[in-house]
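Chemist: Pasting in a structure now, in structure tokens, and then I'll have a few things to ask.
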Amino acid sequence: MLDQVLAALKLRDGGIYVDGTLGAGGYSRGMLEAADCRVFAIDRDPEAIRGGATLLAAFPGRLTLIAGRFSEMEQLLLDHGVTAADGVALDIGVSSMQLDESERGFSFLREGPLDMRMSRSGPSAADIVNSAPPEKLSRIIGVLGEERRAKAIAAAIVKLRQSQPIVTTSGLVAAIERVTGRKRAQARIHPATRTFQALRIYVNNELEELAAGLAAAERLLRPGARLAIVTFHSLEDRIVKRFLAERTGAAKSVSRHMPLAKSDREPSFIPVTRGHREADRDEIAGNPRARSAKLRAAERTAAPAFPLDLARLEVPLIPEGRVSC
Ligand SMILES: C[S@@+](CC[C@H](N)C(=O)[O-])C[C@H]1O[C@@H](n2cnc3c(N)ncnc32)[C@H](O)[C@@H]1O
């Protein structure tokens, strides 16, 4: 959705922009080509930062690569003397590079260590799978993977790990297939999809990171600056939708479970996209992962930033502590 993101950001010469999710550098390159601007590109994955070196050479003096989490973007930019930005882009989720590298352990299609840590630090997916109590595993898989058979899959994991630790992607797939059976040809998604998604989100604390990243961008953006966020599944999109609904004053009908009261506060954003935008057919043909992408964008007003409230954003929390890498 690069073209749509660049259009939403309304890049201008002399502007300061944040690419909160550098990945393979597609958004940063697009920003740097679209205007004579400066880009601060953040990624928590040290390999993404290493890979960004080629971009540094292509745009001398205009790109700064920063290893870290986008929830900390204010401090990360302050370290470079920057206190306000003209645009922030977030392309949420896992990169193709991460998915395609078997030793990162993100993909159930590739044999590798059960790792899934974007930052390569902190507890891995294997640590969680081999040590979490069954109720917690079940909640992680049920809530963050929206997996119907979470309880049974958690029980199968616990049973398998009693005989041997589950340390590889194929080991986890084997535990899941004890419940789901092997993938049938007509199945729409692989039976391990939801469990792998759940563990990845949990290991990287992705939903809280997203909420905190949106709030950090809100504080960093100057009036008239743009925020553009691309998400890939409903748990992420719901947080972005609620965040923007509340802050644009359109909060009423976001969720029937927890209606947001219309705020008395002055809106801190005005919408740029009406609802969300999706990838066009050509993009989906070239990259099937774009099928589920949703872009939302908004422009910062001069009103003070709202306080961050995870409950109002319905960020699902897993009890018994969180993992933050
Ligand atoms: C979907 S990819 C971005 C792809 C990128 N837009 C491109 O054009 O190549 C997401 C990237 O964001 C990084 N990431 C995810 N959560 C992050 C966070 N909280 N802080 C910083 N980087 C994060 C991942 O490591 C990954 O490299």
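The values are calculated or read from the model by the stated rules, or taken from the named source; none is laboratory data. It should be emphasised that the depicted structure is a prediction, and the values quoted were computed from it without experimental measurement. Backbone-built Cβ (ideal geometry, glycine too); neighbour counts: all protein chains shown.
Chemist: Criterion first (surrounded by fewer than 14 Cβ atoms within 10 Å (Cβ to Cβ) and modelled with pLDDT of 90 or more) does Glu266 satisfy it?
Modeler: Numbers: surrounded by fewer than 14 Cβ atoms within 10 Å (Cβ to Cβ): yes; modelled with pLDDT of 90 or more: yes.
It is true that Glu266 is surrounded by fewer than 14 Cβ atoms within 10 Å (Cβ to Cβ) and modelled with pLDDT of 90 or more.
Chemist: Name the one entry in Gly112, Gly87, Gly93, Gly145 that is in contact with a strand residue (DSSP E or B) (Cβ under 8 Å, 6 or more places away or on another chain) and within 15 Å of Leu172 (Cβ to Cβ).
Modeler: Numbers: Gly87 fails: within 15 Å of Leu172 (Cβ to Cβ); Gly93 fails: within 15 Å of Leu172 (Cβ to Cβ); Gly145 fails: in contact with a strand residue (DSSP E or B) (Cβ under 8 Å, 6 or more places away or on another chain).
One residue alone meets the criteria, Gly112.
Chemist: Related question: Does the range 108-115 contain at least one residue that is of a type in the set (D, E, K, R), within 15 Å of the ligand (Cβ to nearest atom) and assigned by TED's automatic domain parsing to the domain that holds Glu218?
Modeler: Within the range 108-115, the subset of a type in the set (D, E, K, R) is 110-111, 115.
Retained after the next criterion (residues that are within 15 Å of the ligand (Cβ to nearest atom)): 115.
Then keep just the ones that are assigned by TED's automatic domain parsing to the domain that holds Glu218; that gives none.
Scanning the range 108-115 turns up no residue that is of a type in the set (D, E, K, R), within 15 Å of the ligand (Cβ to nearest atom) and assigned by TED's automatic domain parsing to the domain that holds Glu218.
Chemist: Something else now. Specify the residue that is surrounded by the most Cβ atoms within 10 Å (Cβ to Cβ); the eligible residues are those in the range 109-123 that are under 21 Å from the mean Cα position of the chain (by Cα), under 15 Å from Val94 (Cβ atoms) and not hydrophobic (A, V, I, L, M, F, W, C).
Modeler: The selected residue is Arg117.
Chemist: Can I ask one more? Might you let me know whether the range 16-29 holds any residue that is in contact with a Lys or Arg (Cβ under 8 Å, 6 or more places away or on another chain) and modelled with pLDDT of 95 or more?
Modeler: Narrowing the range 16-29 to residues in contact with a Lys or Arg (Cβ under 8 Å, 6 or more places away or on another chain): 16-17.
Right, trim to modelled with pLDDT of 95 or more and you get 16-17.
The answer is yes, given that some residue of the range 16-29 is in contact with a Lys or Arg (Cβ under 8 Å, 6 or more places away or on another chain) and modelled with pLDDT of 95 or more.
Chemist: Can you tell me which condition Gly61 does not meet? The list is (1) at pLDDT 95 or above; (2) within 12 Å of the ligand (Cβ to nearest atom); (3) on the phi > 0 side of the Ramachandran plot, and all the others hold.
Modeler: The one condition Gly61 does not meet is (2).
Chemist: Still on this structure, I have one more. For Pro123, only one of the following conditions fails: (1) without any contact (Cβ under 8 Å) to a residue 60 or more places away in the chain; (2) part of a loop (DSSP other than H, G, I, E, B). What is its number?
Modeler: Only one criterion in (1) without any contact (Cβ under 8 Å) to a residue 60 or more places away in the chain; (2) part of a loop (DSSP other than H, G, I, E, B) is unmet by Pro123, namely (1).
Chemist: Shifting gears a bit: Any chance you could count how many residues in the range 9-40 are more than 9 Å from the ligand (Cβ to nearest atom) and either within 19 Å of the chain's Cα centre (by Cα) or not assigned by TED's automatic domain parsing to the domain that holds Arg291 (or both)? Show your work before the answer.
Modeler: Start the filter on the range 9-40 by keeping residues that are more than 9 Å from the ligand (Cβ to nearest atom), which leaves 9-18, 31-40.
Retained after the next criterion (residues that are either within 19 Å of the chain's Cα centre (by Cα) or not assigned by TED's automatic domain parsing to the domain that holds Arg291 (or both)): 9, 17-18, 40.
Counting residues in the range 9-40 that are more than 9 Å from the ligand (Cβ to nearest atom) and either within 19 Å of the chain's Cα centre (by Cα) or not assigned by TED's automatic domain parsing to the domain that holds Arg291 (or both) gives 4.
Chemist: Moving on. Enumerate the helices (runs of 4 or more DSSP H) found wholly within the range 1-104, keeping only those where 2 or more residues are within 24 Å of Ala211 (Cβ to Cβ). If you could, list the steps in order and put the result at the bottom.
Modeler: Values: elements: 2-9, 26-34, 46-51, 53-58, 73-78, 96-100.
Because the criterion is at least 2 residues that are within 24 Å of Ala211 (Cβ to Cβ), the helices (runs of 4 or more DSSP H) in the range 1-104 that meet it are 2-9, 26-34, 46-51, 73-78, 96-100.
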